[in-house]
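Since the structure comes first, as C-alpha cells, the remarks are kept for the end.
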Amino acid sequence: MKFGIVTFPGSNCDHDSYHVVKHVLGHEACFLWHKQEDFSGVDCVVLPGGFSYGDYLRCGAIARFSPIMDAVVRFANSGGYVVGICNGFQVLTEAGLLPGALLQNRDLKFICEDTTLLVANGHTPWTVLCPETIMAPIAHHEGCYFADDDTLGRLEGEGRVVFRYASRAGEEAAEANPNGAVNNIAGIINERGNVLGMMPHPERNGDTELGDGSGAWVFRSIIHSFEAQA
C-alpha cells in the first residue's frame, strides 16, 4: 500500500507519519506538496498535524484552498482512503469532507499530553485491527469537537464516532475529556467510512521507542482493509 502525505507550509507531523508507514510498517510513502494540483499512484492520503499556513484566519481554513485539496476531495469522493490528524482533521471539516468543527479547547489553553482513546466502533476500515483502547498524544489549542444536535444524532446512530477520550481504564468519563469535545469525541468518519478525522496523533505513538506503539494499529487497520479489497 502506498501513502501520500500532504505537506502544507507549517506542517510538522508529516515526517512522523512517513516514519511510521515507511520504517515501522514497511509500506511505501511519499510526500505530496501543497501546490500540486493532482497526484496518482497513492492508495491513502494523510493530512498531517501542524499549523498549516500558520493557522491564520482559522485552523485549516486556508489549507482547504490549497491547490492539492481539490485533488484530495476528488480522491475521497471516489472512495480513496483519507485520514486527517489534528490540523488535518481541521482541514477536513473546512473542506466539507467531515461534518462539525474544531473549536478552542474548553480551558482556552494549548494542551500537550498523552490520551487514552476508546475504540467506539471497531468495524471500520481504520479500526478493524485496533485493540479496545489505544494511546495517542494530543497537541492542540482548537481540538474541541462540536456539531449540532442533528449531526451528532446521525454520527452516533450510524456508528461514525470511532474514537472517544477515555480514562486509563478505558471508560468514558468527563474528567478524561481534555478539551471539552461533545460526547468525548476524538475521531469520526464520513458516511462511506473512507475518510477519518481524529485530533490525537496515532503516528506519534506508532513506534515502541516512543511509547507502547499502539497508535500504529490505526495504520495497520487501513493497510489490512486495503489489502482485503485487492
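Considering only region 61-84, state which residues are touching a residue at least 24 places away in the same chain (Cβ under 8 Å), over 23 Å from Thr124 (Cβ atoms) and assigned to a helix (DSSP H, G or I). Before you say what the answer is, go through the steps one by one.
Filtering region 61-84 down to residues touching a residue at least 24 places away in the same chain (Cβ under 8 Å) leaves 61, 63-64, 66-73, 75-76, 79-84.
With over 23 Å from Thr124 (Cβ atoms) added as a condition, the list becomes 61, 63-64, 66-71.
Passing the criteria: Ala63, Arg64, Pro67, Ile68, Met69, Asp70, Ala71.
Can you work out which of the residues in region 14-42 that are farther than 22 Å from Pro67 by Cα and within 17 Å of the chain's Cα centre (by Cα) is surrounded by the most Cβ atoms within 10 Å (Cβ to Cβ)?
Taking region 14-42 as the starting set, the residues that turn out to be farther than 22 Å from Pro67 by Cα are 16, 19-28.
Imposing the further condition that a residue be within 17 Å of the chain's Cα centre (by Cα) reduces the set to 16, 19-21.
Details: Asp16: 24, His19: 17, Val20: 27, Val21: 25.
Filtering region 14-42 for residues that are farther than 22 Å from Pro67 by Cα and within 17 Å of the chain's Cα centre (by Cα), the one surrounded by the most Cβ atoms within 10 Å (Cβ to Cβ) comes out as Val20.
Pairs under 7 Å by beta carbon, first residue within 17 Å of Pro48 (Cα to Cα) in region 204-230, partner among the basic types (Lys, Arg), six or more apart or different chains?
Every condition considered, the pairs that remain are Gly215/Arg204.
For region 180-191, indicate whether the set of residues that are assigned to a loop (DSSP other than H, G, I, E, B), touching a residue at least 40 places away in the same chain (Cβ under 8 Å) and of a type in the set (D, E, K, R) is non-empty. Please lay out each step first, then the result.
Keep residues of region 180-191 that are assigned to a loop (DSSP other than H, G, I, E, B), which gives 180-181, 190-191.
Now drop any that are not touching a residue at least 40 places away in the same chain (Cβ under 8 Å), which leaves 180, 190.
From what's left, of a type in the set (D, E, K, R): none.
The answer is no; no qualifying residue exists.
Six or more apart or on different chains, Cβ under 7 Å: which pairs go from a residue in region 85-101 that's farther than 14 Å from Glu191 by Cα to one that's of a type in the set (Asp, Glu)? Could you list them?
Close Cβ pairs (under 7 Å, with a partner that is of a type in the set (Asp, Glu)) amount to Ile85/Glu203; Gln90/Glu142.
Do you know which of the residues in region 204-219 that are part of a helix (DSSP H, G or I) and out of contact with any Cys (no Cβ under 8 Å at 6 or more places or on another chain) is farthest from Lys22 (Cα to Cα)?
Of all residues in region 204-219, those part of a helix (DSSP H, G or I) come to 204-205, 216-219.
Among the residues that remain, those that are also out of contact with any Cys (no Cβ under 8 Å at 6 or more places or on another chain) are: 205, 216, 219.
Working: Asn205: 15, Ala216: 12, Phe219: 11 Å.
Ranking the candidates gives Asn205 first.
Please go through region 47-60 and give me each residue that is buried (at least 17 other Cβ atoms within 10 Å of the Cβ) and either out of contact with any Phe, Trp or Tyr (no Cβ under 6 Å at 6 or more places or on another chain) or in a loop (DSSP other than H, G, I, E, B) (or both), ordered by number.
Looking only at region 47-60, we keep the residues that are buried (at least 17 other Cβ atoms within 10 Å of the Cβ), and these are 47-53, 55, 59-60.
Correct list: Leu47, Pro48, Gly49, Gly50, Phe51, Tyr53, Asp55, Cys59, Gly60.
Does region 1-40 hold any residues that are among the basic types (Lys, Arg) and either outside any helix (DSSP H, G or I) or touching a Leu at 6+ places or on another chain (Cβ under 7 Å) (or both), and which are they?
Within region 1-40, the first condition is being among the basic types (Lys, Arg), and the residues that meet it are 2, 22, 35.
Within region 1-40, Lys2, Lys35 qualify.
Over 20 Å from Ala216 (Cα atoms), touching a residue at least 12 places away in the same chain (Cβ under 8 Å), crowded, with 22+ Cβ neighbours inside 10 Å and not acidic (Asp, Glu) - does that describe any residue in region 150-158?
yes
If Arg168 satisfies every condition in (1) in contact with a Gly (Cβ under 9 Å, 6 or more places away or on another chain); (2) surrounded by fewer than 22 Cβ atoms within 10 Å (Cβ to Cβ) but one, which is the exception?
Among (1) in contact with a Gly (Cβ under 9 Å, 6 or more places away or on another chain); (2) surrounded by fewer than 22 Cβ atoms within 10 Å (Cβ to Cβ), the lone unmet condition for Arg168 is (1).
Condition (residue is among the polar types (S, T, N, Q), more than 30 Å from Arg168 (Cβ to Cβ) and crowded, with 20+ Cβ neighbours inside 10 Å) applied to region 84-106: is it met by at least one residue?
At the first step, the residues of region 84-106 found to be among the polar types (S, T, N, Q) are 87, 90, 93, 104-105.
Keeping just the survivors that are more than 30 Å from Arg168 (Cβ to Cβ) gives none.
No.
If Met135 satisfies every condition in (1) more than 19 Å from Cys59 (Cβ to Cβ); (2) touching a helix residue (DSSP H, G or I) at 6+ places or on another chain (Cβ under 8 Å); (3) crowded, with 22+ Cβ neighbours inside 10 Å but one, which is the exception?
Here Met135 meets the rest and fails (3).
Only the coordinates and a few stated rules stand behind these numbers; no lab work does. Just so you know, these numbers come straight off a predicted model, no measurement behind them. Note: ideal-geometry Cβ built from the backbone for every residue, glycine included; neighbour counts use all protein chains shown.
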